[in-house]
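Reviewing the structure listed below.
The values are calculated or read from the model by the stated rules, or taken from the named source; none is laboratory data. This is a predicted model, so every value here is computed, not measured. So basically every Cβ, Gly included, is an ideal-geometry build from the backbone, and we count neighbours across all protein chains shown. Keep in mind that these areas ignore ligands, DNA and RNA; they rest on the heavy atoms of the full protein, side chains included. Shrake-Rupley method; radii C 1.70, N 1.55, O 1.52, S 1.80 Å.
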Amino acid sequence: MGRKVLILIGHPGAGKGTQARAIMHRLDIPQISTGDMLREAVAKKTSFGREAKARMDAGQLVSDAIVNGIVAERIARDDCKNGFILDGYPRTVHQAETFNTYLKKDDHLFVIEIGANSDDLTKRLTGRWICPGCGEIYNTYSRAPKVEGVCDVCGWTLFHRSDDREDLVRERFGTYKEETYPLVDYYQQRGVYHRVEGPRPIEDVTKAILSIVEGVAKKNADSSRGGGT
Ligand code: ADP
Ligand code: ZN
């Protein structure tokens with residue numbers, strides 16, 4: 001059986017990370033967030049991290065060479081053998097082209113756009129607080145933790161991303177529109193693109209994503225039973 005490879009695309013704040021975390025438990029494949037891996041490299045002050053920091057602090061993309069390299073290394077690990085969920089990669093057509101060379105013939109690729117309205121997203125981002133311990137995501141406007149600044153699940157002190165500032169959020173939306181949005185067309189032409197509506201309860205979005213993955217997998221199984229290719 002081939003790997004299940006999910007690519008989540010959507011505006012900053014559309015809920016890629018939240019959904020990736022929800023579906024990884026259901027599909028039993030890991031979430032790979034290039035944003036998280038880059039922030040880790042920045043915190044550790046690795047040579048990649050130093051180079052990435054300036055770009056991230058400006059709301060711009062880190063170079064394709066760095067990002068492609070970390071993804072190639074990550075998906076080669078054993079926990080990715082049945083598949084993985086990419087959250088934040090590929091983010092340019094050029095990255096998508098490189099990523100094609102990482103795919104195997106029997107992989108099942110699903111590209112899922114989480115649709116969103118950019119007006120709602122600014123609040124989601126500027127109000128976002130994240131747990132460094134368990135990854136839970138909170139929001140001061142809509143999903144505040146019981147005790148301010150403390151994770152309900154594990155008790156760690158929450159942090160606010162330095163790029164979740166209003167001016168940088170605007171910059172990141174611009175970067176998305178120019179560099180990432182062309183991927184919709186790119187994957188549509190390849191017949192692997194799907195879209196789910198983002199502005200509704202988290203569980204509903206999760207269900208919609210799972211039904212795409214399970215529905216397409218079932219259709220493929222049916223057509224191969226029917227003597228198709
Ligand atoms: P968001 O999607 O909410 O903007 P991420 O956590 O996915 O946030 O990414 C944060 C930053 O990390 C981006 O603004 C960008 O600078 C960098 N980054 C993440 N993934 C990539 C990528 N695939 N290519 C280039 N830069 C990336
Ligand atoms: Zn936590």
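Out of Ala14, Ala20, Ala72, Ala76, report the one residue that is of a type in the set (A, V, I, L, M) and modelled with pLDDT under 95.
On the way: Ala20 fails: modelled with pLDDT under 95; Ala72 fails: modelled with pLDDT under 95; Ala76 fails: modelled with pLDDT under 95.
Answer to the check: Ala14.
With the requirement that a residue be open to solvent by 40 Å² or more (accessible area, probe 1.4 Å) and away from ligand 1 (no atom under 15 Å from the Cβ), what does segment 110-132 give you?
Residues satisfying the conditions are Asn117, Asp119.
Got at least one residue in segment 112-135 being assigned to a loop (DSSP other than H, G, I, E, B), over 15 Å from Lys16 (Cα atoms) and either of a type in the set (Phe, Trp, Tyr) or away from ligand 2 (no atom under 16 Å from the Cβ) (or both)?
Among the residues of segment 112-135, at least one is assigned to a loop (DSSP other than H, G, I, E, B), over 15 Å from Lys16 (Cα atoms) and either of a type in the set (Phe, Trp, Tyr) or away from ligand 2 (no atom under 16 Å from the Cβ) (or both), which makes the answer yes.
Quick one: is Arg172 under 16 Å from the mean Cα position of the chain (by Cα), more than 16 Å from ligand 2 (Cβ to nearest atom) and touching a residue at least 24 places away in the same chain (Cβ under 8 Å)?
Values: under 16 Å from the mean Cα position of the chain (by Cα): yes; more than 16 Å from ligand 2 (Cβ to nearest atom): yes; touching a residue at least 24 places away in the same chain (Cβ under 8 Å): yes.
So Arg172 passes the test.
Among the residues of segment 183-222 satisfying the criterion of being surrounded by fewer than 14 Cβ atoms within 10 Å (Cβ to Cβ) and either under 14 Å from Ile9 (Cβ atoms) or among the acidic types (Asp, Glu) (or both), which is modelled with the lowest pLDDT?
Result: Asp222.
Any idea which residue in segment 1-56 is farthest from Asp163 (Cα to Cα), counting only those that are in a strand (DSSP E or B) and open to solvent by 30 Å² or more (accessible area, probe 1.4 Å)?
In this case the residue turns out to be Lys4.
If I filter segment 64-101 down to residues being assigned to a loop (DSSP other than H, G, I, E, B) and surrounded by fewer than 13 Cβ atoms within 10 Å (Cβ to Cβ), which single residue comes out as nearest to ligand 2 (Cβ to nearest atom)?
Only one residue tops the list, namely Arg77.
Quick check on my filter: what residues within segment 133-182 are more than 14 Å from ligand 1 (Cβ to nearest atom), open to solvent by less than 20 Å² (accessible area, probe 1.4 Å) and at pLDDT below 95?
To start, the set of residues in segment 133-182 that are more than 14 Å from ligand 1 (Cβ to nearest atom) comprises 133-134, 136, 138, 140-158.
Right, trim to open to solvent by less than 20 Å² (accessible area, probe 1.4 Å) and you get 138, 151, 158.
Result: Tyr138, single match.
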